[in-house]
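Inspection log for the structure reproduced underneath, given as structure tokens.
The values are calculated or read from the model by the stated rules, or taken from the named source; none is laboratory data. What you see is a predicted model, and the numbers here were worked out from it, not measured in a lab. Note that we place each Cβ from the backbone using ideal geometry, even for glycine, and neighbour counts take in every protein chain shown. Quick note on the areas: whole protein, heavy atoms, side chains included, nothing else; ligands and nucleic acids left out. Shrake-Rupley method; radii C 1.70, N 1.55, O 1.52, S 1.80 Å.
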Amino acid sequence: MANKRIVVCTASRSERQLSQPLIEELKKSPKFKVEVLELPITFKGAYETVEEYIRVKGKPDLAFVNYDRLEMLGACLAFFIKGVRLAQYQAGDVSGEGEVYDDLVRFMITLCSDFQFCNSEESFKRCLKFLKLVGKPVKNCHHVGSFAFDNLTLDYSAVPNEPFDLILYNPLSRRVDLMEGELDMIEKLLGERLALWVYPNEDEGRDIVIERIRKLEAEGRVKGLETLPRPQFLALMEKAERVIGNSSSFFLELPYFKKQHIHIGLRNRHRERIEVKPGASRRIVEILEKFFSEEE
């Protein structure tokens, strides 16, 4: 089998780190040539970035457009219109954020995808049902589990030598008006224990969260963490006394440590906690290797 060009699209900082285990596993295969395409965090910018990529480098054999962000939908549609095969990870998930906007984006990507990789049995069943409902083939829909901990060694160097809370609150970008109230909820939970508050993702409303972190830091009530490599963040999740916020990590990764979190507000409030089944990156590579070998 000739080397197949596979592109993995990423945008936000957290998303790039989350995709790294898959990228590394794909690169291990002698059958694939892997490229990472960094996208702007806008629908239009992502769409145009893919158009330019194809114009300069030509069409890849497969593009990964994972998760549920709007810029990823832009990339997805640009590849789809050009006839590029697409793969989506976390297909079938639901988050229930406000007006389920993220879920609509995710299922629009699923509609365009040729491969659907699911991280839980519930998501797999939901994805199969959706594909059958819209008349799409189901043979390339797979329950692969999680790759969040694949090829990863936790880094405990940032873990304090005292009990601490870990906070991560990402912006509620489509309901910014609710954010101050949700941040007040977090502030009321703060006590005497050390509180580490990780800076949010790049969504609209990020400045509101950072302003609150800096205010509380000036008051000596929290310690802000501006940048945090993924191995350090996961180690902090494992060791924290309490985990507080609205990040999808608390549903997709925190269960690995057999822990719960204190959920705040609308974002991800109906997201399902998954039973983390590591090894998805290897399973995905094996599925793709088999597919392309059989195709030749």
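May I ask you to compute the full-extension gain from Lys44 to Lys82, defined as 0.36 nm times their residue separation minus their alpha-carbon distance, rounded to one decimal in nm? Mind dumping the intermediate values first?
Values: separation 38, 0.36 × 38 = 13.68 nm, distance 1.61 nm.
Full extension of this stretch gives 12.1 nm more.
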Practice task
Could you order Glu15, Glu289, Glu192 by accessible surface area, starting with the largest, using a probe radius of 1.4 Å?
Solution key: Glu192, Glu289, Glu15
Problem - Radius of gyration, Dmax [the range 1-107; alpha carbons; angstrom] - result: 13.6, 46
Completion exercise
With label points set 7 Å from each Cα along the Cα-to-Cβ direction at Arg273 and Leu178, the distance between them in nm comes to 2.2
Handout entry: Residue order for Ser248, Ser14 - accessible surface, 1.4 angstrom probe, largest first
Key = Ser14, Ser248
Practice task
From zero up to wherever the largest Cα-Cα distance of the range 103-182 sits, split into 10 Å bins and tell me the percent of pairs in each.
Solution key: 13, 28, 23, 27, 8, 1
Fill in the blank from the handout: the chain, Gaussian network, Cα under 10 Å: of Glu25, Glu180, Glu162, the residue fluctuating most is Glu162
Problem - All Cα pairs of the range 44-168, percent lying beyond 24 Å - result: 39
Problem - Between helix 70-81 and the chain: long-axis angle, C-alpha atoms, 0 to 90°, nearest 10 - result: 0
Practice task
Return one number: the angle in degrees, 0 to 90 and rounded to the nearest 10, between the long axis of the Cα atoms of helix 43-57 and the longest principal axis of the Cα atoms of the chain.
Solution key: 40
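Cα convex hull of the chain: mean projected area in nm², to one decimal? Before the final figure, lay out the partial values.
Values: hull surface 61.0 nm².
Computing the convex hull of the Cα atoms and averaging its projections yields 15.2 nm².
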Handout entry: Principal axes of the range 255-294: Cα extent on each, largest first, Å
Key = 47, 22, 9
Problem - Inter-probe distance in nm under a simple model that places probes 7 Å from Cα toward Cβ, at Glu24 and Lys125 - result: 3.4
Practice task
Using amide H atoms built 1.01 Å from N in the peptide plane, name the residues 5+ places from Phe32, or on other chains, whose amide H lies under 5 Å from its own.
Solution key: Lys4
Handout entry: Span from the the range 189-243 Cα centroid across to the the range 123-161 one, whole angstrom
Key = 26
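Evaluate E = 1/(1 + (r/R0)^6) for Lys239 and Val36, where r is the Cβ-Cβ distance and R0 equals 30 Å; express this FRET efficiency to the nearest 0.05.
On the way: r = 31 Å, r/R0 = 1.02.
For Lys239 and Val36, the calculated efficiency is 0.45.
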Exercise for the section: Please report, to two decimal places, log10 I(q)/I(0) for the range 1-51 at q = 0.26, 0.28, 0.29 Å⁻¹ as given by the Debye formula with identical point scatterers on the Cα atoms and no solvent. Expected result: -0.96, -1.02, -1.05
Problem - Listed residues Ser157, Ser173, Ser123, most fluctuating in the chain (Gaussian network, C-alpha, under 10 Å) - result: Ser157
Handout entry: P(r), alpha carbons of the range 193-293 - 10 Å bins starting at zero, rounded %
Key = 13, 37, 31, 13, 6, 1, 0
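Any idea of the accessible area per residue across the chain, 1.4 Å probe, to the nearest Å²?
On the way: 13120 Å² over 296 residues.
I get 44 Å² per residue for this part.
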Exercise for the section: Quick one: angle between helix 230-239 and the longest Cα principal axis of the chain, in degrees between 0 and 90, rounded to 10, please. Expected result: 50
Handout entry: Segment Leu111-Val138, length gained on full extension (0.36 nm per residue, minus Cα span)
Key = 8.6 nm
Practice task
Report the FRET efficiency, 1/(1 + (r/R0)^6), for Leu194 and Glu51, where r is their Cβ-Cβ distance and R0 is 30 Å, rounded to 0.05.
Solution key: 0.05
Exercise for the section: Starting from the Cα of Arg214, step 7 Å along the direction of its Cβ; do the same at Ile262; then give the gap between the two resulting points in nm. Expected result: 2.6
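Got a number for carbon plus sulfur as a percent of the chain's accessible area, 1.4 Å probe? Write out the running numbers ahead of the final one.
Details: 6730 of 13120 Å².
Reported share for carbon and sulfur atoms: 51 percent.
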Practice task
Taking DSSP loops as anything outside H, G, I, E and B, show the longest stretch in the chain free of trypsin sites (Lys or Arg not before Pro) there with at most 12 other beta carbons within 10 Å.
Solution key: 1-138
